[in-house]
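Single-structure report; data block below.
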Amino acid sequence: MKTYLLIWRLILSRPWLYVANAASWIIIHISPVLPGLIIREFFDMLNGQSRLGFGIWGLIGLLAATATARIVNILLGALADTNHRFSMSALLRRNALESMLLTPKPARDQSPGETVNILEEDGKQVEDAISWSVDTMGMTGFAIVSAIILVGISPKLTLLVFLPLIAVMVISQAASDRLERYRRASREATSLFTEAIGEAFGTVQAIKVAGAEDRVTAHLRRLGDKRRDAMLKDKLLTRVLDSVFENAAKVGTGIILLLAAGMLQSGEISVGDFALFVYYIE
């Protein structure tokens, strides 16, 4: 079965739960747009450039209201996401296990260790893919809304701010093939190691009779070393990419600091606009 068909069928198994989860997290990801606008209004008010005229206490009340609404929405979204995740992974693992049990043993290609790995890792991968699709929609919505607001303030500064994010996307795409190879190698090494441990525990008496304790231990150590090397490559590349993603926002903030000084002096942007750029990029 194609991956997209599997994901689509899992979504359709609990459609309203997925819709509730998606709606909650899209709102959660887009809601930071409002505090940014409130912060801009606050700094512009200090400079006598207020747009709304709410006053300091009005802005504080508005900020508290948006924060409270977001907290409530996060609680509801967490409940929906948790139920959705566990219902999907439980259904997938239950069906996979039933299929394995109904399949004649000679027809099975998986070893016991690989079977355990499939039920654990594959179920989590599918669960994460569906759950993260909701986050992707929410973050895309936030990016679109914030970009529209920032372009209305300064198209040039907006373009320069988004350049690091574009670079991150290019780097991510370039590293995806290597990351997939490392991930597959770590999965295979984990399956072999798990299978060897299961066989060793299942044949303890035979190993003792044959006096093969040292050989079995050495074999397990070799498999463990291979798994360690594969996992290190996987985790190292993952951490490097995570570091690049996290620091892209800081690079964007640095670009704003370098360019905004002249624009503030010339009056192209206000202090509130500058604060809004920094808030959205972070």
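General remarks:
- Annotation: LEU223 carries an accessible surface of approximately 30 Å², with a 1.4 Å probe and no ligand, DNA or RNA atoms counted.
- As an equivalent ellipsoid, region 171-267 spans semi-axes of 53, 11, 8 angstrom, where each value is the square root of five times an eigenvalue of the C-alpha gyration tensor, largest first.
- Each Lys and Arg Cβ is given +1 and each Asp and Glu Cβ -1; about its Cα centre, region 133-258 then shows a dipole of about 240 debye.
- Region 211-282 - Rg over Rh from alpha carbon coordinates, Kirkwood radius: 1.55
- Nearest-ten-degree value, helix 3-13 long axis tilted from longest Cα axis of the chain: 80 degrees
- Pairs spanning more than 27 Å between alpha-carbon atoms, out of LYS226/LYS250; LYS208/LYS233; LYS156/LYS250: LYS226/LYS250; LYS208/LYS233.
- Inter-part distance where region 231-282 and region 20-41 are each reduced to a Cα centre, Å: 19 Å
- Rounded tilt (10° steps) of 33-46 against the dominant C-alpha axis of the chain: 30 degrees
- Positive-end extreme of charge dipole, the chain - chosen from ALA64, LEU75, THR158 (charges on Cβ): LEU75
- Helix 213-266 and the long axis of the chain differ in direction by around 10°, with both axes built from C-alpha atoms.
- Each peptide in 13-23, 53-63, 202-212 receives the mean, over its residues, of other Cβ atoms within 10 Å, and ordering these scores from highest gives 13-23, 53-63, 202-212.
- Looking at the chain, the accessible area is 62 square angstrom per residue; that uses a 1.4 Å probe and ignores ligands, DNA and RNA.
- Kirkwood radius, the chain, all distinct C-alpha pairs, inverse of mean reciprocal distance: 23.3 Å.
- Accessible carbon and sulfur surface of the chain relative to its total accessible area, %, 1.4 Å: 67 percent
The values are calculated or read from the model by the stated rules, or taken from the named source; none is laboratory data. These figures come from a predicted structure and were not determined experimentally. As a convention, Cβ positions derive from the backbone with ideal geometry for all residues, glycine included, and neighbour counts pool all protein chains shown. We work out accessible area using only protein heavy atoms, side chains counted, and drop any ligands, DNA or RNA first. Shrake-Rupley method; radii C 1.70, N 1.55, O 1.52, S 1.80 Å.
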